[in-house]
Amino acid sequence: MIINSITCIGAGYVGGPTMAVIARNCPDIKVTVVDVNEQRIADWNDSNLDNLPVYEPGLKEVVAEARGRNLFFSTDIDAAISEAQMIFISVNTPTKTYGTGKGMAADLKFVELVARKIAEVAASDKIVVEKSTLPVRTAQAIRSILDNTGSGVKFQILSNPEFLAEGTAVNDLQHADRVLIGGDHHTAPGKEAMDALAAIYGRWIPRERILLTNVWSSELSKLTANAFLAQRVSSINAISSLCEQTGADVDEVAAAIGADNRIGPRFLKASVGFGGSCFQKDILNLVYICRSLNLHEVAEYWEQVVKMNDYQKQRFARNIISRLYNTVSGKKIAFLGWAFKKDTNDTRETPAMYVAAALLDDRAEIHIYDPKVSQERIYGDLRNLIAQNQLTIDPAQLPDLVKVCKKPYDACRNAHAIAVLTEWDEFKGYDWQQIYNDMFKPAFIFDGRNILDIEVLKDIGFQTYQIGK
Ligand code: UDX
Ligand code: ADP
């Protein structure tokens, strides 16, 4: 089967970059990305490539090459479904905020809506690919919706989880460690669909890196990969608090254990905590599945990874309050960074917002600078926390208590303390003497990412704190 027309439903952080890279590598395949969000599609079509809705290093170059040639962004979902041979589902699957499984299970309403839309519109056979991270056995739910349309159209359902990390998405997609395709490999049509998708990736990914499995293994592998990665971060963060009490240095411990081939050096950077749309959501999802299957010990084991992460964020905030003489009331705290990691404008589950909430509860005033995150998004994040009762301030007070600055020096001027929440490279090159001169004394700096040269800062006169030192 030769595929020459692909549609992706969902133009977000996964759908946009993934389709851009497929389009670049397969100029003969028409790739259409659709979304219900008209503004998002308009932004993807913006002639100024700096206005793309997703910031990723290298992405605008890929979009510039393929857009209008074989890559299209549209809101006409029906037309895009009709003409595609292969449809990727790449919509959001947040944690449920209501009803059964609230706070734990994945909310599949967007996936279900898309499946129903495909069932309603499709008039020819389609391969439907789950790209969004989904709980194990979601493919079964999609199948049951698609197989009951009565239209005679045949669907093959594949799972093809995305392993890209934000900030390195284009590189991760172009040079993937592996591509996982789960499908019904015991039937001829199932095998044919898997081969068709493998052939697309095979244009640029070495064949031995394309792994074919059954659907359930593929779905569970994605959750497991994220759980293992998050567990490494929580493990080193747990050790960081021990380091602070014992005089050990967490970066030295990480380097020492990471030199062991069996452990490896990556994902051992102690931090203020992990964020992002995937880690917490996927682990809670795993925990929920385990509980539903009466695997309580397994559920508790994984739940601890999230608890440790919450502890790390709270510990960082408490530490700021206690070092500032047990209160931050009326004090100005400058935040450097709001994104959940560097090189992205994504703020979902960013540790910065939880640290901000703890400080705002203690009546601090926060001035934020992030090179890529807009004021609108920062206020949106904090309003969400208020709506979820995780922050108890009057939304009308937000503009007074939280200011978003266009320049880092403005954020830090007249501050009592600076907190580094994201590891943006540019923070390392600032004129720290200048920043110190403009702050209240004693001037505190809390490096939640261990990126600054702390000896230089100490020599200038800063009171410093690093994670795990
Ligand atoms: C993750 C997975 O890496 C990716 O494969 C999956 O497809 C989606 O989820 P992402 O969340 O985009 O990707 O970024 P990642 O690099 O994994 O970082 C997640 C969080 O962990 C960030 O907040 C990051 O700052 C933090 N982190 C990561 C650490 O604190 N220390 C580390 O050593 C690594
Ligand atoms: P991810 O990180 O998984 O890509 P995002 O939230 O960035 O998540 O993107 C998901 C996109 O899916 C959003 O732009 C959203 O508007 C879109 N979406 C959600 N439901 C539908 C739907 N029923 N039809 C089309 N697009 C949808």
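For the stretch 81-114, enumerate the residues that are within 10 Å of ligand 2 (Cβ to nearest atom) and small (Gly, Ala, Ser). Matches in the stretch 81-114: Ser90 only. With a requirement of 2 or more residues that are among the charged types (D, E, K, R) and under 25 Å from Asp362 (Cα atoms), the helices (runs of 4 or more DSSP H) lying completely within the stretch 239-334 that satisfy it span 296-323. Assess whether Ile3 counts as being of a type in the set (A, V, I, L, M, F, W, C) and away from ligand 2 (no atom under 13 Å from the Cβ). Criteria met by Ile3. Residue check: Glu83 meets all listed conditions (1) open to solvent by 50 Å² or more (accessible area, probe 1.4 Å); (2) of a type in the set (Asp, Glu); (3) without any contact (Cβ under 8 Å) to a residue 60 or more places away in the chain but one, namely (3).
Which residue out of Gln245, Gln304 is touching a residue at least 12 places away in the same chain (Cβ under 8 Å), on the phi < 0 side of the Ramachandran plot and not acidic (Asp, Glu)?
Result of the check over Gln245, Gln304: Gln304.
Considering the stretch 55-75, the residues that are out of contact with any strand residue (DSSP E or B) (no Cβ under 6 Å at 6 or more places or on another chain) and hydrophobic (A, V, I, L, M, F, W, C) include one that is surrounded by the fewest Cβ atoms within 10 Å (Cβ to Cβ), namely Ala64. Among the residues examined, Thr93 qualifies as surrounded by 19 or more Cβ atoms within 10 Å (Cβ to Cβ) and of a type in the set (Ser, Thr, Tyr).
Scanning the stretch 138-152 for residues that are hydroxyl-bearing (Ser, Thr, Tyr) and within 27 Å of the chain's Cα centre (by Cα) gives a single hit, Thr138.
Every residue, every condition in (1) of a type in the set (A, V, I, L, M); (2) assigned to a helix (DSSP H, G or I), yes or no:
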site: Lys341; (1), (2): no, no
site: Thr347; (1), (2): no, no
site: Val355; (1), (2): yes, yes
site: Tyr379; (1), (2): no, yes
site: Ile386; (1), (2): yes, yes
site: Ile393; (1), (2): yes, no
site: Asp400; (1), (2): no, yes
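I'd like to check something: does the stretch 137-158 contain any residue that is out of contact with any strand residue (DSSP E or B) (no Cβ under 7 Å at 6 or more places or on another chain), of a type in the set (Val, Ile, Thr), at pLDDT below 95 and outside any loop (DSSP other than H, G, I, E, B)? So far as the stretch 137-158 goes, yes, one or more of its residues are out of contact with any strand residue (DSSP E or B) (no Cβ under 7 Å at 6 or more places or on another chain), of a type in the set (Val, Ile, Thr), at pLDDT below 95 and outside any loop (DSSP other than H, G, I, E, B).
On the given criteria, is Ala123 open to solvent by 10 Å² or more (accessible area, probe 1.4 Å), assigned to a loop (DSSP other than H, G, I, E, B) and under 22 Å from Arg209 (Cα atoms)? It is false that Ala123 is open to solvent by 10 Å² or more (accessible area, probe 1.4 Å), assigned to a loop (DSSP other than H, G, I, E, B) and under 22 Å from Arg209 (Cα atoms). Filtered by the rule that a residue be among the hydrophobic types (A, V, I, L, M, F, W, C), in contact with a Lys or Arg (Cβ under 8 Å, 6 or more places away or on another chain) and open to solvent by 10 Å² or more (accessible area, probe 1.4 Å), the stretch 317-367 gives Phe340, Ala358. Scanning the stretch 364-373 for residues that are part of a loop (DSSP other than H, G, I, E, B) and either within 26 Å of the chain's Cα centre (by Cα) or at pLDDT below 95 (or both) yields Asp370, Pro371, Lys372, Val373.
One residue is enough: does the stretch 22-43 have a residue meeting the conditions closer than 19 Å to Pro161 by Cα, open to solvent by 40 Å² or more (accessible area, probe 1.4 Å) and of a type in the set (Val, Ile, Thr)? Checked against the condition, which is being closer than 19 Å to Pro161 by Cα, open to solvent by 40 Å² or more (accessible area, probe 1.4 Å) and of a type in the set (Val, Ile, Thr), the stretch 22-43 yields no hits at all. Give the stretch 30-42 a look and list any residue that's over 11 Å from Gly16 (Cα atoms) and of a type outside the set (A, V, I, L, M, F, W, C), or say none. Result: Lys30, Asn37, Glu38, Gln39.
Test of understanding: among Leu385, Leu295, Leu324, which residue is over 28 Å from Pro399 (Cβ atoms) and more than 16 Å from ligand 2 (Cβ to nearest atom)? Full working, then the answer.
Numbers: Leu385 fails: over 28 Å from Pro399 (Cβ atoms); Leu324 fails: over 28 Å from Pro399 (Cβ atoms).
None of the others qualify; the one that does is Leu295.
Looking across Ser218, Ser277, Ser234, one residue alone is surrounded by 15 or more Cβ atoms within 10 Å (Cβ to Cβ) and at pLDDT 95 or above. It is Ser234. Restricting attention to the stretch 263-298 and to residues that are among the hydroxyl-bearing types (Ser, Thr, Tyr) and over 15 Å from the mean Cα position of the chain (by Cα), the residue that is nearest to ligand 1 (Cβ to nearest atom) turns out to be Ser271.
The residues of the stretch 328-362 that are polar (S, T, N, Q) and either in contact with a Phe, Trp or Tyr (Cβ under 8 Å, 6 or more places away or on another chain) or within 10 Å of ligand 1 (Cβ to nearest atom) (or both), listed by number, are Thr344, Asn345, Thr347, Thr350.
Taken over the stretch 135-154, residues that are within 20 Å of Thr7 (Cβ to Cβ) and either of a type in the set (S, T, N, Q) or open to solvent by less than 10 Å² (accessible area, probe 1.4 Å) (or both) amount to 6. When each of Gly10, Gly16 is tested for being within 12 Å of ligand 2 (Cβ to nearest atom) and on the phi < 0 side of the Ramachandran plot, the lone residue that passes is Gly16.
Please enumerate the residues belonging to the stretch 75-108 that are within 16 Å of ligand 1 (Cβ to nearest atom) and aliphatic (A, V, I, L, M).
Listed by number, the residues that qualify are Ile89, Val91, Ala106.
Among the residues of the stretch 402-439, write down those that are closer than 21 Å to Asn319 by Cβ and in contact with an Asp or Glu (Cβ under 6 Å, 6 or more places away or on another chain). Before you say what the answer is, go through the steps one by one.
Restricting attention to the stretch 402-439, the residues satisfying the condition of being closer than 21 Å to Asn319 by Cβ are 402, 411-412, 415-423, 427, 432, 435-436, 439.
Selection gives Val420 alone.
The values are calculated or read from the model by the stated rules, or taken from the named source; none is laboratory data. Worth saying up front: this structure is predicted, and the values here are computed from it rather than measured. Virtual Cβ from ideal backbone geometry, glycine too; neighbours counted across all protein chains shown. Surface accessibility is based on the protein's heavy atoms, side chains included, excluding ligands, DNA and RNA. Shrake-Rupley method; radii C 1.70, N 1.55, O 1.52, S 1.80 Å.
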